[in-house]
Amino acid sequence: MARIISDWKQHFAEIYRAEARTYQRMVAAEDAHGELADRLSDLADRATTIVDIGAGTGRLSVQLCKAGNQVHGVDQAAGMLEVAGEELAGCTGTWTLTVADARQLPIEDDWADAAIAGWVYGHFTEWHPEGWRSELDRALAEMDRVTKPGGTMVVVDTLGTAVNRPGAPNEALGHYHRHLEAFGFNRSVLRTDYRFSSAEESIELLDWFFGLGDWARDHNSALVPEYTGWWERVR
Ligand SMILES: C[S@@+](CC[C@H](N)C(=O)[O-])C[C@H]1O[C@@H](n2cnc3c(N)ncnc32)[C@H](O)[C@@H]1O
């Protein structure tokens, strides 16, 4: 039986509060073909100072730090940043992690050559179903404030897991994508399939995070198709 997730807000809040290690195990299997890694590498080459907003367990921060960037990761969930700290321990570059909200970044104006928010802002549609646009605008204003004029702003978010073509997973996320584009972000599409260690792990983790256990059991494969949007804008 697949897990039935009736309250997505509560579901994700609980994962970010208390299940960061399982989250890290899941995202470590993502981006099987390296398309996201290539985009990050290109971003790293264009920047020195980078803010990672909603840094989570640090998968973006780690790559950027290892590429030589000075990284400041911010997340509201202390448990996620604890794992990020462990993941960043092997990076000899400069990094800082701070528990804070994306709508009130503890970073001075124009500090960053680039700012990136990966799989974060879409949550506003669940956290604030009525007022997500104004919460998103607050977060985008903060991203804009901390990025230098001429610097790069990037939003990364889902275009579907276990699907055959890219698209907004639900209506609210479709409105969110259009909101980003109206703000001046340009979208490109990445293929970010998961390659788990086994079909059993794919069933376990897809069920745990997405409630996609039935799909994973039917497909019984360690490889899971996924699309991701990369929205970029010059400050
Ligand atoms: C899906 S995870 C993405 C983590 C990381 N960026 C990655 O690429 O794996 C979403 C993260 O956004 C954080 N988050 C959600 N809303 C936030 C907010 N308003 N301010 C700061 N962090 C937030 C959560 O705590 C969680 O760590």
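Structure notes:
- Put simply, the amide H of GLY118, placed in the peptide plane, has neighbours under 5 Å in ILE53, VAL156, leaving out anything fewer than 5 places away on its chain.
- Projecting the Cα atoms of VAL163, ALA18, LEU140 onto the charge dipole of region 8-234, computed from C-beta unit charges around the Cα centre, puts LEU140 farthest toward the positive end.
- Using alpha-carbon coordinates, inclination of helix 35-45 to the longest axis of the chain, degrees: 10 degrees
- Each of ALA199, GLY151, GLN63 was scored by the projection of its Cα onto the charge dipole of the chain, and the greatest displacement toward the positive side belongs to GLY151; charges sit on the C-beta of Lys, Arg, Asp and Glu.
- Here the Karplus relation 6.51 cos²θ - 1.76 cosθ + 1.60, evaluated at θ = phi - 60°, turns the backbone of region 74-87 into coupling constants of 10, 8, 7, 9, 4, x, 5, 5, 4, 5, 4, x, 5, 5 Hz, with x for every Gly and Pro.
- Shown in residue order for region 120-132 are the 3J(HN,Hα) couplings computed by the Karplus curve 6.51 cos²θ - 1.76 cosθ + 1.60 at θ = phi - 60°: 10, 5, x, 4, 4, 5, 8, 5, 9, x, 7, x, 5 Hz (x for Gly and Pro).
- For region 107-112, 3J(HN,Hα) per residue [Karplus equation, 6.51 cos²θ - 1.76 cosθ + 1.60, θ = phi - 60°, Hz, x = Gly/Pro]: 9, 6, 4, 6, 6, 9
- Ranked from largest to smallest solvent-accessible area, with a 1.4 Å probe on the protein heavy atoms, TRP111, TRP95 come out as TRP95, TRP111.
- Taking amide hydrogens as placed 1.01 Å from N in the peptide plane, the amide H of LEU159 sits under 5 Å from those of TYR227, THR228, GLY229, each at least 5 positions away in sequence or on another chain.
- Relative to the longest principal axis of the Cα atoms of the chain, the long axis of helix 171-182 lies at roughly 20 degrees.
- Residues with amide H under 5 Å from that of GLY151, placed H, sequence gap 5 or more: ARG235
- Degrees separating the helix 8-18 axis from the principal Cα axis of the chain, which is the longest one: 70 degrees
- For region 8-234: Kirkwood Rh in Å [reciprocal of mean 1/r, alpha carbons]: 17.7 Å
- Mean projection of the Cα convex hull over all viewing directions, computed for region 35-101: 3.9 nm².
The values are calculated or read from the model by the stated rules, or taken from the named source; none is laboratory data. Predicted model, so just to flag it, every value in this text is computed and none were measured. Every residue, glycine among them, receives a Cβ derived from its backbone with ideal geometry; neighbour counts consider all protein chains shown. For accessibility, only protein heavy atoms count, side chains too; no ligands or nucleic acids. Shrake-Rupley method; radii C 1.70, N 1.55, O 1.52, S 1.80 Å.
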